[in-house]
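Undergrad: First the structure, then my questions, so here it is.
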Amino acid sequence: MWNGLESWRRGGVAVVLTLVLALILGLATPAAAKEASLVMDADTGRVLSAANADNRNHPASLTKMMTLYLVFEALESGRWGLTSPITASARAARQPASRMGLAPGQTITVEQAILALVTKSANDVATAVAEAMDRQERDFALRMTAKARALGMTRTTFRNASG
């Protein structure tokens, strides 16, 4: 009986090690990229790895990077300060998850908005920022697209501040 248990134990360890190894090797392949990836040597510009790099994808929360970029430009220009108020509209408060749970009329500072965008990827905050900067989120999205063009992103179009 002891030999039987020992065999099962050794066999179980072998199966677990095989599964772990398969998992590690599976994750290490370029095919593991769910949507797209590109790894480039910043010094030489040489592409080291690419998977679906030219496919068009919905940027989702990456959109908030451009929202933040425009917030930082407003800070740099003096248009906004870290304590400048941003008030949530009813439309901003209705945004789907991920969100901070802003109520209509609730005011936060630019600094709080930055932190919410960076840590929570908060859609309600992104919309409130857009409306504070351009009144209409649609106009803010046009500003985002224009900035993308100025940065050389010729195939990028934004429709809203949150993705």
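Values in this text are rule-based calculations from the coordinates and carry no lab data. Fair warning: this is a prediction, and the values are worked out from it, not measured in the lab. Neighbour counts run over all protein chains shown; Cβ positions are idealised from the backbone, glycine included.
Undergrad: Only one residue in ALA126, ALA74, ALA116, ALA130 is in contact with a helix residue (DSSP H, G or I) (Cβ under 7 Å, 6 or more places away or on another chain) and either more than 25 Å from MET153 (Cα to Cα) or of a type outside the set (Gly, Ala, Ser) (or both). Which one?
TA: ALA116
Undergrad: Determine the pairs where a residue that is in contact (Cβ under 8 Å) with a residue 40 or more places away in the chain and under 18 Å from ALA90 (Cα atoms), located within the stretch 133-155, has a partner that is assigned to a helix (DSSP H, G or I) and of a type in the set (A, V, I, L, M) with Cβ atoms under 7 Å apart, the partner being 6 or more residues away or on another chain.
TA: Matching pairs, first to second residue: MET133/LEU70; MET133/ALA74; GLU137/ALA130; PHE140/ALA130; PHE140/MET133.
Undergrad: Taking the conditions exactly as written (loosely packed, with under 14 Cβ neighbours inside 10 Å and without any contact (Cβ under 8 Å) to a residue 40 or more places away in the chain), does THR119 satisfy them or not?
TA: For THR119, the condition - loosely packed, with under 14 Cβ neighbours inside 10 Å and without any contact (Cβ under 8 Å) to a residue 40 or more places away in the chain - is met.
Undergrad: Further question: Among the residues of the stretch 56-78, how many are touching a residue at least 24 places away in the same chain (Cβ under 8 Å) and part of a loop (DSSP other than H, G, I, E, B)?
TA: 3
Undergrad: Determine, yes or no, whether GLY81 is over 15 Å from ASN160 (Cβ atoms), without any contact (Cβ under 8 Å) to a residue 24 or more places away in the chain and not β-branched (Val, Ile, Thr).
TA: So GLY81 does not fit the description; no.
Undergrad: Turning to a different aspect of this structure: With the requirement that a residue be hydrophobic (A, V, I, L, M, F, W, C) and over 13 Å from GLU111 (Cα atoms), what does the stretch 70-91 give you?
TA: Passing the criteria: LEU70, ALA88, ALA90.
Undergrad: Still on this structure: Would you mind listing the helices (runs of 4 or more DSSP H) fully within the stretch 87-163 where at least 1 residues are under 17 Å from the mean Cα position of the chain (by Cα) and of a type in the set (A, V, I, L, M)?
TA: Helices (runs of 4 or more DSSP H) meeting the threshold: 110-120, 123-134, 137-150.
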